[in-house]
Structures are given as structure tokens and as C-alpha cells.
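*Asks:* Mind having a look at this structure? Questions to follow.
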Amino acid sequence: MDSTFCPNFCKATLKLPPLKAENYTAPNLTNLMAQEMCQDFMNDFEITSYVSFLNSLIEKAENVKELRDAGVLGNRLGSDKAVARLFDKINTKLVPNPEQYKELKHRIQEHSNTTWTTNMAQLYYTCFNSRPWPSLVPNSILV
């Protein structure tokens, strides 16, 4: 599955194939992963690895919301908490291909471990995601 990670100055972009979480998502994914486990099926455990990778990104409902906002997850289950539970349920005994997302995980970890990137991201979110800026602009024009 085509996944990319594009680090930037203080923000990075992770692109993943989209997936809709619906009532039949768990049984369909489980069946596809079971097929990957068959000895006669030559593959690299793409689906199992992708589901496992998504689950590593989803710890709580807020993570599902972020993935929804990014267009990675579609939610037809009603709540983000239900989607998080779905991935917890599916991911109980997965055996993903350790090489499948190894480089992607390494690049993400390397980017997040960079002190410069971490400091700039923290500065950006502290200064520009708070709301005093719109009120300061008109005041600075008057001065």
C-alpha cells in the first residue's frame, strides 16, 4: 500500500491509503488477513501490516478524529470511540511484516526526535494556534 512521509520545516505530512470504518469493516479485514496467513498465498502481509500500522496510530478517539480530518479514515460507525475499539478488536493477534512500514516508522521517529523540529512545532502551536493574534493585528495597525 502506498504510504509516504514528507517532513517539512516544523510540520510533516503522512499520507496513507484511505479506509472506511463501517459495520462490515472488521469481518472483511479479518477475512483478508486470514487469507494472507494461508501457506499457498504468496504475499508480504500488506493488509495485516497496514491494519497494525493504523492501530499503532490510534490510541483514543481523538486520534481517529485526526485521521478522519486528514482523509485517512472514514467513519460510518457513529463515533470515533467505536472506530478506536474496532482497531483494538481487530489488532489482538496480528503478525505483520516487520519490514513493511519499517522505513516509514524510522523516518517518522527520526523527524520527531529532531530537537529543532520539536522546538519549532511547539513554538508554532503555542504562538499561532492560540487566539490572541487576531485581536493584536488591529491594535498594531492603530499604533
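The values are calculated or read from the model by the stated rules, or taken from the named source; none is laboratory data. Computed from a predicted model, the values in this text were never measured in an experiment. Note: ideal-geometry Cβ built from the backbone for every residue, glycine included; neighbour counts use all protein chains shown.
*Asks:* Pick out the one residue from 30, 25, 13 that is of a type in the set (Ser, Thr, Tyr) and without any contact (Cβ under 8 Å) to a residue 24 or more places away in the chain.
*Replies:* 13
*Asks:* Of (1) touching a helix residue (DSSP H, G or I) at 6+ places or on another chain (Cβ under 9 Å); (2) modelled with pLDDT of 85 or more; (3) in a helix (DSSP H, G or I); (4) not aromatic (Phe, Trp, Tyr), residue 107 satisfies all except one. Which?
*Replies:* (1)
*Asks:* Scan the stretch 44-74 for residues that are part of a loop (DSSP other than H, G, I, E, B) and loosely packed, with under 13 Cβ neighbours inside 10 Å and jot them down. Even if it seems obvious, please write down each step before you answer.
*Replies:* Of all residues in the stretch 44-74, those part of a loop (DSSP other than H, G, I, E, B) come to 44-45, 58-60, 70-72.
If the condition is that a residue be part of a loop (DSSP other than H, G, I, E, B) and loosely packed, with under 13 Cβ neighbours inside 10 Å, then 44, 59, 60, 71 are the ones that fit.
*Asks:* Moving on to the next point. Look at the stretch 65-102 and say how many of its residues are touching a helix residue (DSSP H, G or I) at 6+ places or on another chain (Cβ under 9 Å), at pLDDT below 95 and among the acidic types (Asp, Glu).
*Replies:* 3
*Asks:* How many residues, within the stretch 75-93, are surrounded by 17 or more Cβ atoms within 10 Å (Cβ to Cβ) and either touching a Pro at 6+ places or on another chain (Cβ under 7 Å) or assigned to a loop (DSSP other than H, G, I, E, B) (or both)?
*Replies:* Residues meeting the conditions: 1.
*Asks:* Just one of (1) within 21 Å of residue 14 (Cα to Cα); (2) in contact with a Phe, Trp or Tyr (Cβ under 8 Å, 6 or more places away or on another chain); (3) in contact (Cβ under 8 Å) with a residue 40 or more places away in the chain trips up residue 54, so point out which.
*Replies:* (3)
*Asks:* From the list 46, 59, 22, 66, pick out the single residue that is of a type in the set (Asp, Glu) and over 23 Å from residue 104 (Cβ atoms). Write out each step before concluding.
*Replies:* Working: 46 fails: over 23 Å from residue 104 (Cβ atoms); 59 fails: over 23 Å from residue 104 (Cβ atoms); 66 fails: over 23 Å from residue 104 (Cβ atoms).
Sole residue among the options that is of a type in the set (Asp, Glu) and over 23 Å from residue 104 (Cβ atoms): 22.
*Asks:* Next question, about the same structure. Does residue 23 fit the bill of being among the polar types (S, T, N, Q), in a loop (DSSP other than H, G, I, E, B), over 18 Å from the mean Cα position of the chain (by Cα) and loosely packed, with under 15 Cβ neighbours inside 10 Å?
*Replies:* Details: among the polar types (S, T, N, Q): yes; in a loop (DSSP other than H, G, I, E, B): yes; over 18 Å from the mean Cα position of the chain (by Cα): yes; loosely packed, with under 15 Cβ neighbours inside 10 Å: yes.
It is true that residue 23 is among the polar types (S, T, N, Q), in a loop (DSSP other than H, G, I, E, B), over 18 Å from the mean Cα position of the chain (by Cα) and loosely packed, with under 15 Cβ neighbours inside 10 Å.
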